[in-house]
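Quick notes on the structure that follows.
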Amino acid sequence: MSVETKISNKIFDNCLMNASGAKCMTFEDLSKLKNSESGTWITKSCTISSREGNPSPRYVDLKLGSINSMGLPNLGFQFYLDYVLDEHKLGNDHLFFSIAGLSLEENMEMLNKINSSDFQGWVELNLSCPNIQGKPQTGYDFERTEEVLDKIFSFYSKPLGVKLPPYFDIAHFEIVADILNQYPLQFVTCINSIGNALYIEDESVVIKPKNGFGGIGGAYIKPTALANVRMFYKLLRNDISIIGCGGVETGKDVFEHLLCGASMVQIGTQLMKEDISVFSRLLTELKTIMKAKNYKSLNDFKGKLKEL
Ligand code: RRO
């Protein structure tokens, strides 16, 4: 039985990876991911200069998921570029590099440097960080999203995908898909956390930044994540792969993302809760389901969600 998958003609041993932000900021974090059972891994979204991020507490595990307002803490673009280039020298050209500039100019500057480097992997351009005060999520501003992609694809020539925020309206899915279909994107990652939710315990908020408002991940968001994966799988060109993200706790959740059309599935909250062994557990559980259904490869069921 095979759990191999493909994104733009590169083959991965399996369809699991971390979600950007989950245990992927430092060299130690990234080394652990490398030595895990994941099919590949992605670096923490970065900015040109390193950032401390928001004041703590800024991440809290909840019974049904998590809430965070990290505020884009990262070690700075050059650290991650050096990291992925060092990995290439070791023969690993399957990496994902997440960038989240605070302006279009900052994203252009990072992409210019990646373009002229030896980087061979994929850039995941984060259009959906919900936690920076005064910086709206680009993915919710459709004109801006188009402008950003126009500018980027006027010069950028390497494999690139975008990480989207969750959408909740059929008209919005269609508008966004029409925009994305105009560009040579390799993949779309759905979804980032559901932004600006409020969690309360003992008459108090549980995180400090933004008066307690933060992005929700985990089981709370699985139905929304699946809806976004399914919609974009149907609406986007066939050559744009979908990377599913949101609410994966078990092999059954991975299976459901794949049924909806995901080619790869990212793990965020559950990686935070369970640590690196989560990947081998999820693979075992996924294979158990596939065996019971007599599926020999992901292609036997990928995208084939039954409709009534
Ligand atoms: O660092 C964060 O606060 C953060 C980011 Br960049 C993101 O894309 N999604 C999220 O939930 N938190």
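Of all the numbered requirements in (1) within 18 Å of F153 (Cβ to Cβ); (2) under 21 Å from the mean Cα position of the chain (by Cα), N68 misses one, and that requirement is (1).
Please determine, by comparing only the residues of the stretch 124-165 that are assigned to a helix (DSSP H, G or I) and aromatic (F, W, Y), which one is farthest from the ligand (Cβ to nearest atom). Talk me through it step by step, then tell me what you get.
Of the residues in the stretch 124-165, the ones assigned to a helix (DSSP H, G or I) are 138-140, 142-153.
Then keep just the ones that are aromatic (F, W, Y); that gives 140, 142, 153.
Working: Y140: 13, F142: 19, F153: 22 Å.
So the residue we want is F153.
For the stretch 251-273, state whether one or more residues are part of a loop (DSSP other than H, G, I, E, B) and over 16 Å from the mean Cα position of the chain (by Cα). Spell out how you get there, then give the answer.
First, pick out the residues of the stretch 251-273 that are part of a loop (DSSP other than H, G, I, E, B): 261-263, 268.
Right, trim to over 16 Å from the mean Cα position of the chain (by Cα) and you get none.
Among the residues of the stretch 251-273, not one is part of a loop (DSSP other than H, G, I, E, B) and over 16 Å from the mean Cα position of the chain (by Cα), which makes the answer no.
Note on the stretch 36-52: among residues that are closer than 16 Å to N126 by Cα and open to solvent by less than 30 Å² (accessible area, probe 1.4 Å), the one that is nearest to the ligand (Cβ to nearest atom) is S45. Listed here are the strands (runs of 3 or more DSSP E) enclosed by the stretch 9-83 that have at least 3 residues being closer than 23 Å to I132 by Cα: 59-62, 65-68.
Of all residues in the stretch 274-296, count the ones that are within 20 Å of K23 (Cβ to Cβ), surrounded by 16 or more Cβ atoms within 10 Å (Cβ to Cβ) and not β-branched (V, I, T).
To start, the set of residues in the stretch 274-296 that are within 20 Å of K23 (Cβ to Cβ) comprises 274-283.
Going one step further and asking which of them are surrounded by 16 or more Cβ atoms within 10 Å (Cβ to Cβ), we end up with 276, 278-279, 282-283.
Filter once more, keeping what is not β-branched (V, I, T): 279, 282-283.
Total satisfying the criteria: 3.
Of the residues examined, K208 is one that is within 16 Å of the ligand (Cβ to nearest atom) and open to solvent by 40 Å² or more (accessible area, probe 1.4 Å).
Assess whether A219 counts as being open to solvent by 30 Å² or more (accessible area, probe 1.4 Å), within 24 Å of A177 (Cβ to Cβ) and among the aliphatic types (A, V, I, L, M). It would help to see each step written out before you state the result.
On the way: open to solvent by 30 Å² or more (accessible area, probe 1.4 Å): yes; within 24 Å of A177 (Cβ to Cβ): no; among the aliphatic types (A, V, I, L, M): yes.
Considered against the rule, which asks whether it is open to solvent by 30 Å² or more (accessible area, probe 1.4 Å), within 24 Å of A177 (Cβ to Cβ) and among the aliphatic types (A, V, I, L, M), A219 comes out as no.
Exactly one residue among N35, N107 is at pLDDT 95 or above and over 28 Å from L185 (Cα atoms), and that residue is N35. Taking every residue in the stretch 293-304 that is at negative phi and touching a residue at least 60 places away in the same chain (Cβ under 8 Å) and pairing it with any residue that is open to solvent by 100 Å² or more (accessible area, probe 1.4 Å) and assigned to a loop (DSSP other than H, G, I, E, B), at least 6 positions away or on another chain, the pairs with Cβ-Cβ distances below 9 Å are Y295/M1; K296/M1; S297/M1.
Going by the structure shown, is S38 more than 29 Å from D61 (Cβ to Cβ) and polar (S, T, N, Q)? Walk me through how you get there before you give the answer.
Details: more than 29 Å from D61 (Cβ to Cβ): no; polar (S, T, N, Q): yes.
No.
Return the residues of the stretch 222-244 that are in a helix (DSSP H, G or I), more than 16 Å from the ligand (Cβ to nearest atom) and either closer than 13 Å to E256 by Cβ or open to solvent by 30 Å² or more (accessible area, probe 1.4 Å) (or both); say none if nothing qualifies. Write out each step before concluding.
First pass over the stretch 222-244, keeping only residues in a helix (DSSP H, G or I): 222-235.
So of that shortlist, the ones also more than 16 Å from the ligand (Cβ to nearest atom) come out as 223, 226-227, 229-235.
Answer for the stretch 222-244, where residues must be in a helix (DSSP H, G or I), more than 16 Å from the ligand (Cβ to nearest atom) and either closer than 13 Å to E256 by Cβ or open to solvent by 30 Å² or more (accessible area, probe 1.4 Å) (or both): P223, L226, A227, V229, R230, M231, Y233, K234, L235.
Acidic (D, E) and more than 16 Å from the ligand (Cβ to nearest atom): is that true of E105 in this structure? So E105 fits the description; yes. Quick one: count up the residues across the stretch 277-308 that are touching a strand residue (DSSP E or B) at 6+ places or on another chain (Cβ under 9 Å) and of a type in the set (A, V, I, L, M). Total satisfying the criteria: 5. Just one residue in the set A197, A171 is among the hydrophobic types (A, V, I, L, M, F, W, C), out of contact with any Cys (no Cβ under 8 Å at 6 or more places or on another chain) and in a helix (DSSP H, G or I); that residue is A171. Just the residues that are open to solvent by less than 30 Å² (accessible area, probe 1.4 Å) and outside any helix (DSSP H, G or I), please, taken from the stretch 297-308. Within the stretch 297-308, F301, G303 meet the criteria.
The values are calculated or read from the model by the stated rules, or taken from the named source; none is laboratory data. Since the structure is predicted, the reported quantities are computational estimates derived from the model, not experimental observations. Neighbour counts are summed over all protein chains in view; Cβ atoms, including those assigned to glycine, are modelled from backbone coordinates with ideal geometry. To get the accessible areas, we keep the full protein, side chains included, count just its heavy atoms, and leave off ligands, DNA and RNA. Shrake-Rupley method; radii C 1.70, N 1.55, O 1.52, S 1.80 Å.
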